[in-house]
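Have a look at the structure below, then the notes.
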DNA sequence: GCCGTGACTACAT
DNA sequence: GATGTAGCCACGG
């Protein structure tokens, strides 16, 4: 199991209506301080259709695509549909940040 | 094995 | 807030 696969696995665990930061995903995948690798892993995923990449945003609660770009709008739309409120282009992390329990992680992630 | 890259982050202006 | 800067690290060439 490669690092990329673990990142993708963790990402697929994020429930609808929640978001997680790149750094958070990296941590959960056992790769502290590898936030930048997360972006690459998501982009490299073999089956983007089943990957909730839109639930991954940066530590400021903002979408990391250029404002008004196609992927930016798509991500924002998907989050909105799932009930995630976006004010002035940013998500209230205190309200929507994913807080995985230990059971979920230990049962789902092969280390 | 070295080097450039990036959908990042934390901290300082 | 809006920049700038310096770490960060797995991956591909």
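Taking the longest Cα principal axis of chain A as reference, the axis of helix A:3-13 is set at about 60 degrees.
Rounded to the nearest 500, the helix-only mean residue ellipticity at 222 nm of chain A stands at -12500 deg cm²/dmol, with each DSSP H run of n ≥ 4 adding -39,500 (n - 2.57). Annotation for residue A:2 and residue A:70: the two label points, set 7 Å from Cα along the Cα-Cβ direction, are 2.5 nm apart. Classify chain A: rounded, prolate or oblate, from the alpha-carbon gyration tensor (a ≥ b ≥ c, eigenvalue square roots; a/c under 1.5 rounded; otherwise prolate if a/b is larger than b/c)? Note, shape of chain A comes out prolate. For the listed peptides A:91-101, A:12-22, a ranking on the average number of other beta carbons within 10 Å per residue, highest first, reads A:12-22, A:91-101. In this simple spin-label approximation, residue A:95 and residue A:82 carry label points 7 Å from Cα along the Cα→Cβ vector, and these lie 1.6 nm apart. Once both labels are positioned 7 Å from their Cα atoms along Cα-to-Cβ, the gap between residue A:106 and residue A:51 label points is 2.9 nm.
Bear in mind these aren't lab numbers, they're just calculated from the coordinates by the rules spelled out. In this text, all values refer to a predicted model and were calculated from it rather than measured experimentally. Please note: Cβ atoms are built from the backbone with ideal geometry, for glycine as well, and neighbour counts cover all protein chains shown.
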